[in-house]
Every structure is written in structure tokens, then in C-alpha cells.
Amino acid sequence: MKLMSAKNQFSKNHPKFEAFLKSVFSRKIEEGTVIEITVTRPGEAPITSNIKVLQSDLELLEELKGLTQ
């Protein structure tokens, strides 16, 4: 229940990000898909990293998908 409450608060605070996740996960993420994230702190240069999805990553992504519904 605590996790669901935190998820609901996150969704309320960041509705555009929730919509982004729903769009991304509306189709199957396949092995070989590249996921990239950039973090920009105030007054600092952006830092970007990415992963190429492995078969072993897909189960974790399915669990995360459940949090957006």
C-alpha cells in the first residue's frame, strides 16, 4: 500500500512523465531497444547515459509497467 501511495503522489506531481511512460509502455519493449536518460541539475551541465535492453532486463521493465497503471 505504501508503494501505491507513493506512486499516486508521483503521478500527481509529474503527470507529463506518467503520460510519457504510458506511451512508451503501450508497445512492447524489445531486446536491443536503447533507453536513454539525461539529468540536468541547476547550474550544471547535463549528464546522459543509456542502456541497450537485454533479455534479462525485460522482466524488470514489465514490473515497472505495472506501476504506471
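The values are calculated or read from the model by the stated rules, or taken from the named source; none is laboratory data. Note that the structure is a prediction, hence the values are computed from the model and not measured. Ideal geometry is used to build each Cβ from the backbone, glycine not excepted, and the neighbour counts take in all protein chains shown.
Put simply, of Glu59, Glu44 the only residue that is at pLDDT below 95 and among the acidic types (Asp, Glu) is Glu59. Of all residues in the range 16-44, exactly one satisfies the criterion of being among the aliphatic types (A, V, I, L, M), surrounded by 10 or more Cβ atoms within 10 Å (Cβ to Cβ) and farther than 17 Å from Glu62 by Cβ, namely Ala19.
Every condition in (1) out of contact with any Asp or Glu (no Cβ under 6 Å at 6 or more places or on another chain); (2) exposed (fewer than 10 other Cβ atoms within 10 Å of the Cβ) is met by Gln55 except one, and the failing one is (1).
Here Asn8 passes the criteria (1) under 16 Å from Leu64 (Cα atoms); (2) loosely packed, with under 10 Cβ neighbours inside 10 Å except the one numbered (2).
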